[in-house]
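First up is the structure itself, then whatever we jot down about it.
Derivation of every value follows stated rules applied to the coordinates shown; laboratory data play no part. Computed from a predicted model, the values in this text were never measured in an experiment. All Cβ positions, glycine included, derive from the backbone under ideal geometry; neighbour counts span all protein chains shown.
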Amino acid sequence: MSIDVDWELEVADFYRSLGIPQGIGDIQYRLILLVLSQNGIGNSTNFSEIRKYTDRVAERGSIASKMKNVIRIEGLAKKVGRGEYVITEKGLLASDFIDKSSKHYRSVKNTLELIERIP
Amino acid sequence: MQPGWMLYGFICFGIAIVSLLLFIKMFEMLEKTDFRYLTSVTFSLFWALFGASYLCTGIYIAFEYIGASDMSLIFFYASFSTLLMMTAPLAYFILHILLGDNRISIVTSIVFTIIGLSGIMLLLLLGVEGPYQDIWVPIFQTHDLLKFLFIFGLYVPSLCMIMALLPFIALRRSPRSTKYKITLSLVSLSLVYDFILIDILGIGGTLRLVSTLLILLGALLGYAAFFPPDVVVRSLGLELSEFKEYEGEDEEI
């Protein structure tokens, strides 16, 4: 499953507009967890792999800080080497929630567009 | 000549007046710059065809009442033909709302236009039998093939399209006025389509009268969906209250 950065930005913008700036409304959080979960629970992810997606939306330092202060501190991923991370079970739950938030946004968007088309 | 015909004729004229009024009012509101222009046009066209069909039905009953059978037959053909054509604009209206894709909606609408035109050709080729003297309405019987074409080519697909729209609206939290408008217009379309079948099948008796009354109810609901009476607006609380932003001091924390 590929990660569409534009789509993730749109979804994060939507949740931020609802007053949810953290978690599902934070594009950095979304992208980091999606990249980590793409590799699965037993495989490590290189920091450069994460930056392939996040470079468009945030600086390197900002992502590193997010990794340290949110992702690792909350136990969503473990650092297993220099620039190497592995997602935890809790992290998979979070990435599952991100998927659900995308589905919810898609359904809201479709319904709002549908209602707008009614004369 | 039956006294019930006059009552039935009046109901048909009632349906025609309500539908054509809805068409005229919606047509007046059209704005070419509005992105919903085509959906509004097709929706009003649907009600125009529906109103025209029942106007012709009323006229054919009136001609039959005064014994002008030739004219009666011509208006029956006109009435049936417009009924066959009204699915085309409805298909565009519903599919465009559902999918938002202009091309798919236009292609589907063209398919229903072709089915409608085939129906008119069949009507002219196969002719009708009657009129049979029912207590409420002089009934012309169309060929079974035409009934088959109407049911499976126009009626069933239309009902499926109408039903497909309902869950989107029913399962979502939205302002009461939006829910009211959409639900009522779908219910009205559903009522109208459901009971037209009795007309098409040429069923007589009290069932025909009741079904036509329900079609009148459907047309009234369709009108009320877009132009709700003040009583309905007040009792259902459809008016959106406008609150001004408070600019005084905040509460003390």
Looking only at the range B:62-102, which residues are within 14 Å of chain A (Cβ to nearest Cβ) and either of a type in the set (D, E, K, R) or surrounded by 19 or more Cβ atoms within 10 Å (Cβ to Cβ) (or both)?
-> B:PRO89, B:LEU90, B:TYR92, B:PHE93, B:ILE94, B:LEU95, B:HIS96, B:ILE97, B:ASP101
List pairs: first in the range B:118-133 and more than 14 Å from B:LEU149 (Cα to Cα), second surrounded by 16 or more Cβ atoms within 10 Å (Cβ to Cβ) and of a type in the set (Asp, Glu), Cβ under 8 Å, 6+ apart or cross-chain?
-> B:PRO131/B:GLU64
Going through the range B:23-56 one residue at a time, which ones are away from every other protein chain (no Cβ under 14 Å) and surrounded by 19 or more Cβ atoms within 10 Å (Cβ to Cβ)?
-> B:ALA48, B:LEU49, B:PHE50, B:GLY51, B:ALA52, B:SER53, B:TYR54, B:LEU55, B:CYS56
The residue that is farthest from the other protein chains (Cβ to nearest Cβ), considering only those in the range B:154-173 that are of a type in the set (Gly, Ala, Ser) and touching a residue at least 40 places away in the same chain (Cβ under 8 Å), is B:SER158
Answer with yes or no whether B:GLY4 is surrounded by 20 or more Cβ atoms within 10 Å (Cβ to Cβ), assigned to a helix (DSSP H, G or I), more than 14 Å from chain A (Cβ to nearest Cβ) and in contact with a helix residue (DSSP H, G or I) (Cβ under 9 Å, 6 or more places away or on another chain).
-> no
Inspect all residues belonging to the range B:94-105 and state whether any of them is acidic (Asp, Glu), assigned to a helix (DSSP H, G or I) and free of Cβ contacts under 8 Å to residues at least 60 places away in the same chain.
-> no
Any chance A:GLU74 is among the acidic types (Asp, Glu) and part of a loop (DSSP other than H, G, I, E, B) | yes
Looking at this structure, is A:ILE87 more than 30 Å from B:GLY100 (Cα to Cα), touching a residue at least 40 places away in the same chain (Cβ under 8 Å) and of a type in the set (A, V, I, L, M)?
-> yes
With the range B:174-251 as the region, which helices (runs of 4 or more DSSP H) entirely inside it contain at least 1 residues that are within 14 Å of another protein chain (Cβ to nearest Cβ) and of a type in the set (S, T, N, Q)?
-> B:176-201
Top-ranked residue in the range A:107-119 [being exposed (fewer than 14 other Cβ atoms within 10 Å of the Cβ) and of a type in the set (D, E, K, R); ranked as farthest from the other protein chains (Cβ to nearest Cβ)] = A:LYS109
Look at B:ILE59 and say whether it is buried (at least 18 other Cβ atoms within 10 Å of the Cβ), out of contact with any strand residue (DSSP E or B) (no Cβ under 6 Å at 6 or more places or on another chain) and farther than 13 Å from B:TYR223 by Cα.
-> yes
For residues that are assigned to a helix (DSSP H, G or I), small (Gly, Ala, Ser) and surrounded by fewer than 20 Cβ atoms within 10 Å (Cβ to Cβ), tally how many sit in the range A:11-54.
-> 4
Please work out which residue is surrounded by the most Cβ atoms within 10 Å (Cβ to Cβ), limiting yourself to the range A:55-79 and to residues that are over 13 Å from A:SER95 (Cβ atoms) and of a type in the set (Val, Ile, Thr).
-> A:ILE63
Is it fair to say B:ASP194 is surrounded by 20 or more Cβ atoms within 10 Å (Cβ to Cβ) and acidic (Asp, Glu)?
-> no
Give the range A:82-119 a look and list any residue that's of a type in the set (D, E, K, R), within 15 Å of the chain's Cα centre (by Cα) and closer than 30 Å to B:LEU186 by Cβ, or say none.
-> A:LYS100, A:LYS103
